[in-house]
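Encoded as structure tokens, the structure appears first; notes follow it.
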Amino acid sequence: MFKPNSNPFSLISGCLLAGCLAFGQNSASPLHKNQQQGNAAKREKVAQNPPTPPTVTCVCAPPQESPQPQAPAANRETKNWREWFWPPEWASWALVIVAIWTAFIAIGTLRQIEQETKHSGELAKAAKDIAQTAVENATAASATARAAERSAESVKNIYRAWVLTGWTMGNIADKFELWIHNYGQTPAQVISKHSKTEIVDNEAALANLPIPPDYGKNQLLAPQMIAPNSKDSIVSFDIKTWANVLGEWASLYQGEKITVIYGLIKYRDVLDPKVEHETRFCYWHSYKRNGLNVGGPPEYNKAS
């Protein structure tokens, strides 16, 4: 909104000056007009009563008294006194009063405009503050929603089923058992089990396993429930018997090659049955080292 910068006193001075000029013009105009009217009346009187020519007589008449010159002056003074308070002067004074009244109205209008401008600025600032508060509230609400979501996810992760793998060696180093364990606090529904066993040249050859992994066929004929803190076998393995069938027992026993077993477990959690979780595992065995060792590419070792 435009905020006027006019000085009210300058406005009043201008209005008073305009009124005085108007008054002066109106005051001078009637006097000049009356003087002209008086001169015209005199000329008309002279025209109506022309001077008569003198007659040749010898009659002696008493001297006539000269006319009094003061009477016209008195009449002019009376006439000027009346003209001073004649209605045109009253109209000039009315113009001055109107000008002053207009100046006061203008001052009031300027003050009202100034107040409205100030009020509009305050409203704009308040609207800006409200908008800023709304943005801050929306940001806080979004952060709260994310925190609540993370909290809910954390609670779900605490109570959901967690199916991981492990192994146990037999009485001799040739035998071991690979199993799954539900470490969660709710039952897990296992929907598939996959495992494969291969022989590779050495530990470095584990990096060359195919990606994506080929896990083979599902070993389960139907879904299987595993209670919290319970185990279930994946496979029981006898390396010596298996290697003799393949004709690789000597190379394995001498440590020239190693045995690799890898697989995949898929299951669902009762807290969120629509979500499918996975556990991938990869172990290798060498007669130069005891037990099973975790290895292989990252794609072979994941849990969700």
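Quick notes
- Scanning segment 150-173 for residues that are over 40 Å from the mean Cα position of the chain (by Cα) and modelled with pLDDT under 75 returns Asn171, Ile172, Ala173.
- Qualifying residue in segment 250-265 (condition: under 18 Å from Ala161 (Cβ atoms) and of a type in the set (A, V, I, L, M, F, W, C)): yes
- Subset of segment 202-244 (residues that are of a type in the set (D, E, K, R) and either at pLDDT below 90 or at positive phi (or both)): Glu203, Asp238, Lys240
- With respect to (1) over 23 Å from Glu299 (Cβ atoms); (2) more than 56 Å from the chain's Cα centre (by Cα), the lone exception for Gln219 is condition (1).
- Of the listed requirements (1) on the phi < 0 side of the Ramachandran plot; (2) exposed (fewer than 13 other Cβ atoms within 10 Å of the Cβ); (3) more than 58 Å from the chain's Cα centre (by Cα); (4) not aromatic (Phe, Trp, Tyr), Gly247 misses just one: (1).
- Within segment 243-254, not a single residue is part of a strand (DSSP E or B) and among the aliphatic types (A, V, I, L, M).
- Counted residues, segment 150-172 - those being surrounded by 13 or more Cβ atoms within 10 Å (Cβ to Cβ), farther than 21 Å from Lys274 by Cα and either β-branched (Val, Ile, Thr) or touching a helix residue (DSSP H, G or I) at 6+ places or on another chain (Cβ under 8 Å) (or both): 2
- Strands (runs of 3 or more DSSP E) enclosed by segment 137-205 - at least 1 residues per element that are among the small types (Gly, Ala, Ser) and under 23 Å from Leu246 (Cα atoms): 188-200
- Residue pairs whose Cβ atoms lie under 7 Å apart, separated by 6 or more positions or on different chains, with the first residue in segment 141-159 and outside the structural domain of Gly184 (by TED's automatic domain parsing) and the second surrounded by 10 or more Cβ atoms within 10 Å (Cβ to Cβ) and part of a helix (DSSP H, G or I), do not occur.
The values are calculated or read from the model by the stated rules, or taken from the named source; none is laboratory data. The structure displayed is predicted, hence computed values, not measured ones. Cβ: placed from backbone, ideal geometry, glycine included. Neighbour counts: every protein chain shown.
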